[in-house]
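Below is one structure, written out as C-alpha cells, with a few remarks after it.
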Amino acid sequence: MADEVVLLDFCASMFAMRARVALAEKGVKYENREEDLRNKSSLLLQMNPVHKMIPVLIHNGKPICESLIIVQYVDEVWRDKAPLLPSDPYQRARSRFWADFIDKKLYVASRKIWGTKGEEQEAGKKEFIEALKQLEGELGDRPYFEGESFGFLDIALIPFYSWFYAYETFGNFSTEAECPKLIEWAKRCMQRESVSKSLADPKKVYESLVNWV
C-alpha cells in the first residue's frame, strides 16, 4: 500500500519551502494543499490545533508539525535516498544548533526589516546582517553547510534566499555586498531542481508582504 502524503502549504512561506525541498530531495510524491492564512481550513486547525500554522505534513493520516521537525521526519522515514542529516552525532548536533540559530536570530531580525520602520527597522537590519555573517563564517569554504553534500542546514537556510529581494527592498541594502560567499552558496543551491522548483518567486514574496502589511 502506497504512502498517503499531504502537505498543508503556503507558497511564500519559508517554513513550507523547507518541507517542499526535503520532500523533493527524497523524491516523495505528495498532494499539496495551499492554505489561506487569513481563513484557515478546518483540516489545518484539526491537524495543528496547538499552533494552527503551516506547514503540516500529513503522512498516512498522522500530522507532523513545525518545519525543521518535518525535515528530520522526512529524512528518517525515507532513508533510502539523499541523507539530509549527518551520520556523525556531533555533526548532527551542530546542524541542529545552527538551524535553531536561523529560527531564533535570523528570522526574528528579518521580521523587523519588513514589519517595522525607523530605529527598530535599522536595528533589525543590523541584527539580520550580523546573523548572516555568522552563518557565512560557519559555511567557510565548503560548497554546502554539510560539507560536500547538500543537507539539513542548507534546507533550513535556503528558503530565506527567496525573501532577500523583499528584505533588501524594504530595508534598502544589498545582501550580496554584505555576504558575497553566502550568495555564492545560495546560487549553488538554486542549481538543484529540488530547490529551484520548491522556492517561491522573490517578486511574489515581496508582493505578498506588501499586501500583508
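The values are calculated or read from the model by the stated rules, or taken from the named source; none is laboratory data. In this text, all values refer to a predicted model and were calculated from it rather than measured experimentally. Glycine gets a Cβ as well: all are built from the backbone with ideal geometry, and neighbour counts include every protein chain shown. Heads up: the accessible areas ignore ligands, DNA and RNA and are worked out on the full protein's heavy atoms, side chains in. Shrake-Rupley method; radii C 1.70, N 1.55, O 1.52, S 1.80 Å.
Which one of 148, 76, 25 has the biggest mean-square fluctuation once the chain is modelled by GNM with Cα springs under 10 Å?
148
Determine the shape class of the range 1-141: with a ≥ b ≥ c the square roots of the Cα gyration tensor eigenvalues, call it rounded for a/c under 1.5, and otherwise prolate if a/b is greater than b/c, oblate otherwise.
Cα axes put the range 1-141 in the oblate bin.
I need the shape label for the range 15-57. Rule: rounded when a/c is under 1.5, else prolate if a/b > b/c, else oblate, with a, b, c from the alpha carbon gyration tensor. Provide the component values of the computation, followed by the final result.
Values: a/c = 2.25, a/b = 2.16, b/c = 1.04.
Since a/c reaches 1.5 and a/b is larger than b/c, the shape of the range 15-57 is classed as prolate.
Using helices alone, what [θ] at 222 nm do you get for the chain, with -39,500 (n - 2.57) per DSSP H run of 4 or more residues, divided over all residues and rounded to the nearest 500? Could the numbers behind the result be given before it?
Values: 12 runs with 118 residues, N = 213.
Roughly -16000 deg cm²/dmol at 222 nm, from the helical runs in the chain.
Please give, to one decimal in nm, the separation of the simple spin-label points placed at residue 149 and residue 80, each 7 Å out from Cα toward the Cβ.
Roughly 1.7 nm, to one decimal.
Any chance you could run the full-extension gain for residue 212 through residue 107? It's 0.36 nm times the residue separation minus the Cα-Cα distance, nm to one decimal.
This chain segment gains 36.1 nm when fully extended.
Share of the range 1-150's accessible area from carbon and sulfur, percent, 1.4 Å?
So the carbon and sulfur contribution to the accessible surface is 52 percent.
Anything over 29 Å Cα to Cα? Flag those among 26/204; 105/197; 40/203; 81/187; 40/181; 40/133, in the order listed.
Numbers: 26/204 26 Å; 105/197 27 Å; 40/203 24 Å; 81/187 23 Å; 40/181 39 Å; 40/133 36 Å.
40/181; 40/133, as the Cα separations exceed 29 Å there.
For the range 100-137 and the range 166-190, write down the distance between their C-alpha centroids in whole Å.
Here the two parts' Cα centres lie 13 Å apart.
Please work out the average accessible area per residue across the chain, using the 1.4 Å probe convention, and give it in Å².
52
For a protection proxy built on the mean count of beta-carbon atoms within 10 angstrom, sort 11-18, 163-170, 38-45 highest first, please. List each step's numbers first, then the result.
Working: 11-18: 22.6, 163-170: 20.1, 38-45: 11.9.
Ranked by mean Cβ neighbours within 10 Å, highest first: 11-18, 163-170, 38-45.
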